[in-house]
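What follows is one structure encoded as structure tokens, with my remarks underneath.
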Amino acid sequence: MAARDDYLLDSLVEMGYVTNEQLVPIRTEADSTGEGVVDTLVTKGVLSPAVVAQAKATHFGAEFIHLSDLRLADDVIAAVPRHVAKRYSVVPVRKDESGIVVAMVDPSDLDTLDGLQHALNSPIMPAVASPEDIETALSKYYGGAKDDSVSRMIQDITEGEVEVGVVGGGGGSGMDDGSTVDADAPIIKLVNQMIVDAFKMRASDIHLEPLAKRFRVRYRIDGVMHEMKSPPKRLQPSIISRLKIQSNMSIAERRIPQDGRIQSQVGGKLIDLRVSCLPTTHGESIVMRILDKEGLKLGLAELGFLTDDQQTFEQLIGLPDGILLITGPTGSGKTTTLYAVLNYINRPDRKIITVEDPVEYVLSGINQVHVNETVGLTFAAALRSMLRQAPNVIMLGEIRDMETATIAINASLTGHLVFSTLHTNDAPSAVTRLIDIGVKPFLVASSSRCLMAQRLVRKVCKRCGAPYTPTEQELRALNIDPTQAASATFKKGRGCSECNKTGYRGRMGIFEIFVIDDEVRKLIYDKVSSSVLRARAREVGMRTLREDGARKAVAGLTTPDEVIKATAMDTD
């Protein structure tokens, strides 16, 4: 706040935030200190910065915006690059043919407006938001702190303070292929720092995406993409080549997809990254998935099971035979659940073999087989051979076709406990999916012990979580009656440095556990629809994904909004 803001005093009095009587002693104090009256009012806690921002909006006839109530579209955020938004402390709100509406603290700051118009080459229309809202939105939509390590390194390289130490040419194109690099080259440091920062921010994967005019970098944190400071487009070939060299890919091949792995040391911890390279219109896109071995040590409670569901699930995974399927879309945590289950049942008296594509984590005491279709080691071939190894427990990464499904089910009928995954929206649909693949209904009925669907929701940050009152729409969507809501402990994060201003830290599962009983087996044998199976499952006590999520929202573990988004397909 500056002394020039004293023109707002009349507006603040008219709006009822301060009285003329309150201003008399404040003016005297302001004169003695040389500060502005508005500045002194804020310092003494009479006014908040948000109130001053509202007064500015009223005075200049600008729109006052509560950024926390908005969900800004990706194309709007992309209209103002991260470094421009951070430099001028503005957040884009809307974009149309007339220009870009940006939220800022002071709409009278002509230098900022002129700078934005020049940087974006577009008309700028100012709106007003509180300083706290703008800071939170900048972290939420652009991610990271202003002076994060990657940003500083990119700025150094961009501004020419260091030379890009990539040696060697890329043929006649004049582009670096990264085949020979100095060990201390800034490109190597930049790539390494990118991985370190992603790990420290708890990112699950790093996306490097070549676009027409820029090279976009995004981290996925708790399932949500956050855009980071983008390196200059001219560094794109060098960065991609460096990553391809690290992950043992061919840098000469740019026409076909490639896969690889990187092992990196971060803070004394060895982390694995699974790397995928895909040719796109504007260059090769690289995605690095960070494999966090700490997740393997999770118990069932840490996965998100409440006590009653945990007891049920522990009984099921302790059975001597049968098949247990975990269903859900990609990214719903199925693999993490399977590894946690194997870790739970891994004892010296049990032989456990897994077939995976690829083997993501190496588990002590477990025989793991990596599928290699180029030499004929398919899921079905590996599964057939491993049965001759006399295992007690088999984990199959995914059931993809009739041959694999039939062998897995036959194995479960001959004294083996089989775990696997399927891509279906809910638990009862797994039965229909297996029959559609070509498995006989009587085999599905005889072998199935449990079908479990799951999704992931973000957990409320423990540090900044505060009591929260859901809207009527949220309560209605979760089927929570007013009596239940009155005794609930709903929470929502305010946003802090611990959670990167998002209000969430970490994720947990919500589950739909369908235990197969004799009545259900008869229905499966009769080839009934998944809706009939679902109705029967509800009769025997199965909670839907949304109902399990509602229980966790009521307990303050997550928010109603997270549950509603994760269970949009739940029609019950």
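Under 5 Å between amide hydrogens, built in the peptide plane, is the criterion, and for G223 it picks out S204 among residues at least 5 positions away or on other chains.
Protection proxy ranking, highest mean first, for peptides 507-513, 73-79: 507-513, 73-79, where packing is the per-residue count of other beta-carbon atoms within 10 Å, averaged.
Relative contact order for the chain: what percent, with Cα pairs under 8 Å and sequence separation of 6 or more? Please list the in-between numbers first.
Details: 995 pairs, mean separation 50.2, N = 572.
Relative CO of the chain lands at 9 percent.
For the stretch 370-432 and the stretch 212-229, write down the distance between their C-alpha centroids in whole Å. What the calculation gives is 36 Å, centre to centre.
Among K229, K565, the sequence by solvent-accessible area, most first, with a 1.4 Å probe is K565, K229. Put simply, the amide H of Y504, placed in the peptide plane, has neighbours under 5 Å in C461, leaving out anything fewer than 5 places away on its chain.
Against the chain, whose longest principal axis is taken from its Cα atoms, helix 49-60 shows a tilt of about 60°.
The protection proxy used here, the mean number of other Cβ atoms lying within 10 Å of each residue, ranks peptides 489-500, 460-471 as follows, highest first: 489-500, 460-471.
Which net charge results for the neighbourhood of R216, defined as the other residues with beta-carbon distances under 12 angstrom from its beta-carbon, given Lys and Arg at +1 and Asp and Glu at -1? Intermediate values should be presented prior to the final figure.
Values: positive: R82, K213, R214, R218, K229, K233; negative: D74, E209, E227.
With Lys, Arg at +1 and Asp, Glu at -1, the net is +3.
Carbon-plus-sulfur fraction of the accessible area of the chain, 1.4 Å probe, in percent? Intermediate values should be presented prior to the final figure.
On the way: 13310 of 26860 Å².
Of the solvent-accessible surface of the chain, carbon and sulfur hold 50 percent.
Here the Karplus curve 6.51 cos²θ - 1.76 cosθ + 1.60, taken at θ = phi - 60°, turns the phi angles of the stretch 207-222 into couplings of 10, 10, 10, x, 10, 4, 10, 8, 10, 7, 10, 9, 10, 9, 10, 6 Hz, with x standing for Gly and Pro. The heavy atoms of E227 offer some 30 square angstrom of accessible surface to a 1.4 angstrom probe. By the rule of a C-alpha distance below 26 Å, with chain neighbours fewer than 8 residues away ignored, the lysines paired with K351 are K293, K297, K334. Between the entries (i) 29.1, 104; (ii) 22.7, 69; (iii) 28.4, 91, the label attached to Rg and Dmax of the Cα atoms in Å calculated for this structure is (iii).
Summing +1 for each Lys or Arg and -1 for each Asp or Glu, what net charge is found among the other residues whose Cβ lies under 10 Å from the Cβ of L422? Before the final figure, lay out the partial values.
On the way: positive: K334, R400, R433; negative: E398.
Here the count lands on +2.
A 1.4 Å probe run over the chain, with the rest of the protein chains in place, finds 47 Å² accessible per residue.
Isolated cysteines of the chain, defined as having no other cysteine beta carbon under 4.7 Å away, are C277, C450. Helical content of the chain, expressed as a calculated mean residue ellipticity at 222 nm, amounts to -11000 deg cm²/dmol (DSSP H runs of 4 or more residues, -39,500 (n - 2.57) each, divided by residue number, nearest 500). Compared with the dominant principal axis of the Cα atoms in the chain, helix 20-33 is inclined by about 80°.
Using 1/(1 + (r/R0)^6) with R0 = 35 angstrom and r between the beta carbons of R476 and D526, what's the FRET efficiency to the nearest 0.05?
On the way: r = 36 Å, r/R0 = 1.03.
In this case the efficiency is close to 0.45.
Taking 0.36 nm per residue of separation and subtracting the Cα-Cα distance, full extension of the segment from E539 to E403 would add 45.6 nm.
For the stretch 393-525, compute the number of Lys pairs whose alpha carbons are separated by less than 14 Å, excluding pairs fewer than 8 positions apart on the same chain. Working shown, then result.
Numbers: K440/K522; K459/K491; K459/K492; K459/K501; K462/K491; K462/K492; K462/K501; K492/K501.
Counting lysine pairs in the stretch 393-525 gives 8.
Axis angle, to the nearest 10 degrees, between helix 186-200 and the longest C-alpha principal axis of the chain: 80 degrees.
Count the net charge of all other residues whose Cβ sits under 9 Å from the Cβ of R261, scoring Lys and Arg as +1 and Asp and Glu as -1. Please list the in-between numbers first.
On the way: positive: R274; negative: D259, D272.
Value of the local net charge: -1.
The values are calculated or read from the model by the stated rules, or taken from the named source; none is laboratory data. Keep in mind that what you see is a predicted model, and the values were worked out from it rather than measured. Positions of Cβ are backbone-derived with ideal geometry, glycine not excepted, and every protein chain shown enters the neighbour counts. Quick note on the areas: whole protein, heavy atoms, side chains included, nothing else; ligands and nucleic acids left out. Shrake-Rupley method; radii C 1.70, N 1.55, O 1.52, S 1.80 Å.
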